[in-house]
Amino acid sequence: MEKQMLRASLERLEKQGHLMLCNTPVDPKFEMGAVLKYFKNEKPMMFKKVKGSKMPVVGGLFGNRSIYYEMLGMTHEERIGRIANAIANPKPTKLLKNGPVMENIITKNINLPSMMPIPTFHEKDSSSFITAGVMVVRDPESGKRYISVRRFQMNGGNKMSALIASPMLTKQFEEMEKLNKPLEVAVVLGYDYSLLLASQISSETYGIDKYEIDSALRGEPLELVKCHSVDLEVPAYAEFVFEGIMPPNKREDEGPFGELMGYYGPKGSHPIIEIKTVMHRNNPIFQTAFPCREEHLSNGLIREVEMFSDLKRLVDVKDVNVTVGGGCRFHAVVSIHKRFEGDGKSAVIGALSSSKDVKHVVVLDDDLNIFDKDDVELALATRVQASKDVTIIPGALGSGLDPSHHLQGMTDKMGIDATKPLGEEGVRFHRAIIPQFEKIDINKYFPSISL
């Protein structure tokens, strides 16, 4: 039985009836991505017959919120406390002398596109891309390990481009360039829910070794092994590890590529990685993810923790939903227990200021479900007067991932206070309730219909 990483997750997913198996041959160019997108990247699936390769491919693992909670062994209500506690109380890792990922070590004749079925997702994508790769680097001053999900364009042979968008990683690479030194990196495929969640925590904000956050999240030490050719550690039970360097002062064109909100990102000149060593397990499984979808749910979970913490100082916040439809960064719906008039607008201000990426916020009373789009629309339809409940902040700093932000380099932000009035005026907003409605078993009344 597997202990950590992808295969351990697949065993659990299959046991719990979540894993879909595709035995129909699938082309990694366009067709595989189409199947993942059809299920909105919320259905974990394994493609067992991939055209041009004997290697199975898994995708859709991380896009379903309920499955994510289940795989981490926590409830929706527990998530804020559990994640915040892991950030505040990181735990040590465990270094092994050997691990399954070291079963095969390749140092010669490395040709990445011929080694594995790397998908091409969109019509105008510049190449095939590894979209689920977790990049590992070490801070040269503190020695802490930082991990993050990046996209990697295949450039042929042992080279791939890396989009290193974060300010901290960009600064680190530029500092190495000034010294005319390469930056050592590793790219990991075949990880699990805990490692992905840890990878989404901001290194710049918290400055914590992300492997140690992973250990805290999983409730046991993350087991690591030393890389073969670079001074880094990687998960012992991963499927693939690509070890290499980002050489100074070398760039290649990358893009266009179908990005976060379904638009193409432009072509740009980005650093490359020269792969020196590939380590992989026997009979490896290739891990993919539909671009900018699966990992962004885990990113949204971290943003919910941060927004909740910010709002807690201002109002009696009950829950936060950084929505998938808003890219898990642009839109938020907030639930509060309103105690004072003005709490709704205070929550708007707090949510918009929690991150430059947050663009639109709706604040609801706690008698509504912020994860139910019908409840959100009900509040907008019946509890909002635009002249007094809508706040617009023009010309704010926004996210570079928002295409409209690029028009002027700034973004307008909007918050909607969709809370009901306090006191007697709020009585008319009491919702009509059917007692025990949530407990009704509809199959009792229609046993022959699958609902």
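The values are calculated or read from the model by the stated rules, or taken from the named source; none is laboratory data. These figures come from a predicted structure and were not determined experimentally. Positions of Cβ are backbone-derived with ideal geometry, glycine not excepted, and every protein chain shown enters the neighbour counts. Protein only, heavy atoms only, side chains kept; ligands, DNA and RNA dropped before computing areas. Shrake-Rupley method; radii C 1.70, N 1.55, O 1.52, S 1.80 Å.
Some notes on this structure:
- Qualifying residue in region 303-325 (condition: under 10 Å from the mean Cα position of the chain (by Cα) and either modelled with pLDDT of 95 or more or not hydrophobic (A, V, I, L, M, F, W, C) (or both)): no
- For region 328-349, the condition of being modelled with pLDDT under 95 and open to solvent by less than 20 Å² (accessible area, probe 1.4 Å) holds for at least one residue.
- Each residue in region 224-233 was checked for being aliphatic (A, V, I, L, M) and in a strand (DSSP E or B), and 2 of them qualify.
- Region 188-208 - residue that is at pLDDT 95 or above and over 14 Å from the mean Cα position of the chain (by Cα) and, of those, farthest from G143 (Cα to Cα): G190
- So H122, is it farther than 14 Å from F286 by Cα, open to solvent by 30 Å² or more (accessible area, probe 1.4 Å), in contact (Cβ under 8 Å) with a residue 40 or more places away in the chain and not polar (S, T, N, Q): yes
- Residues that are in contact (Cβ under 8 Å) with a residue 40 or more places away in the chain and surrounded by fewer than 20 Cβ atoms within 10 Å (Cβ to Cβ) within region 140-152 comprise S142, K144, listed in sequence order.
- Taking residues in region 163-188 that are within 20 Å of E204 (Cα to Cα), and partners anywhere that are basic (K, R), the pairs with Cβ atoms closer than 7 Å and at least 6 places apart or on different chains are L163/R150; L163/R151; I164/R150.
- Residue within region 169-188 that is part of a loop (DSSP other than H, G, I, E, B), among the charged types (D, E, K, R), open to solvent by 10 Å² or more (accessible area, probe 1.4 Å) and more than 30 Å from R218 (Cβ to Cβ) present: yes
- Identity of the residue in region 386-429, modelled with pLDDT of 95 or more and polar (S, T, N, Q), that ends up surrounded by the fewest Cβ atoms within 10 Å (Cβ to Cβ): S387
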